[in-house]
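Have a look at the structure below before the remarks.
What follows is calculated from the coordinates using simple rules that are stated; it is not laboratory data. On a predicted model such as this, the values are computed, not experimentally measured, just so you know. Neighbour counts are summed over all protein chains in view; Cβ atoms, including those assigned to glycine, are modelled from backbone coordinates with ideal geometry.
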């Protein structure tokens with residue numbers, strides 16, 4: 001198989017590669033009735049999970065084999081099944097299925113349509129086969145890169161999918177804006193002092209912190225394409241990013257502080273400004289690294305969520321540092 005053919009297979013719809021011999025159980029049955037039904041309708045050779053459906057064959061749960069075998073025969077399946085089922089939409093590609101195996105560490109995923117009707121199942125053999133093919137031709141790292149690129153393209157090509165995945169995280173920005181407004185009210189005495197010189201520099205302080213945060217998020221996301229994050233590796237990286245943030249913040253604060261001194265000549269306002277810029281940029285750098293890592297470790301999509309969440313937290317941290325410095329330094 002050539003490289004081009006391999007990438008074409010990764011873009012195949014998952015329905016082309018799913019198995020249709022999956023075993024399902026009806027939700028109204030008991031354990032004893034389910035076992036009797038299985039004896040009369042023997043499942044296929046590969047059984048990983050039993051999927052529970054209603055009479056319309058809509059997926060309502062999943063039942064691990066151990067629970068089915070060890071539960072009392074009179075127990076209703078509804079009582080022992082797992083109701084939160086991670087399922088692949090029938091429109092997913094092989095690439096998206098591979099990402100599901102990477103993120104969720106399950107042995108199989110059901111494939112469903114828009115109304116949650118069970119269509120088939122994809123097991124871990126698909127992922128291991130794709131990994132084996134890719135290792136022979138390219139490398140494991142490139143699978144992460146392909147997954148990132150292709151999933152982004154898929155979301156951008158479907159407006160409703162893009163809206164659903166991106167809008168909830170924009171609520172972070174809305175919440176951050178409301179908190180920023182409340183902070184401005186809480187610190188209005190400091191903002192009113194000295195012809196509101198502090199207020200004039202708020203856009204500069206926030207813009208610098210946000211710029212550093214975006215840089216850190218972008219670099220972190222690029223790194224996550226090539227290697228999965230671990231808790232053990234996070235702390236050393238945070239330490240290095242803190243030093244980088246302090247260097248960037250200190251240099252920027254020196255330049256802005258010098259400019260403010262030439263125009264204002266107000267030493268205490270300049271001290272607040274330097275504290276806000278240096279501290280805010282250092283905090284923003286840490287958040288830009290930490291947020292994508294934490295989201296990935298929590299099995300959430302950092303490409304969509306990291307930017308809004310990190311920027312909101314960076315804005316709030318910067319404003320708190322800036323305003324609290326003003327409260328401590330100004331009369």
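Give me 24, 37, 231 sorted ascending by neighbouring Cβ count inside 10 Å, so fewest comes first.
Ranking 24, 37, 231 by Cβ neighbours within 10 Å, fewest first, gives 231, 37, 24.
Pull out a ≥ b ≥ c, the square roots of the eigenvalues of the alpha-carbon gyration tensor of the stretch 47-125, then state rounded if a/c is under 1.5, prolate if not and a/b is larger than b/c, and oblate in the remaining case.
Oblate shape, in that a/c is at least 1.5 and b/c is the bigger or equal ratio.
How far apart, in nm, are the 7 Å Cα→Cβ label points at residue 298 and residue 327?
It works out to 2.7 nm between the two label points.
Could you put 28, 74, 241, 33 in order, starting from the residue whose Cβ has the fewest other Cβ atoms within 10 Å?
Least to most surrounded, the residues fall as 74, 28, 33, 241.
With a ≥ b ≥ c taken as the square roots of the eigenvalues of the C-alpha gyration tensor of the stretch 206-331, please select rounded if a/c is under 1.5 and otherwise prolate if a/b is larger than b/c or oblate if it is not?
Cα axes put the stretch 206-331 in the prolate bin.
Based on the mean of other Cβ atoms within 10 Å per residue, sort peptides 215-221, 281-287 so the most packed one is first.
The densest-packed peptide leads the list: 281-287, 215-221.
How many angstrom lie between the Cα centre of the stretch 287-331 and the Cα centre of the stretch 233-275?
Spelled out, the Cα-based centre of one part sits 16 Å from the other.
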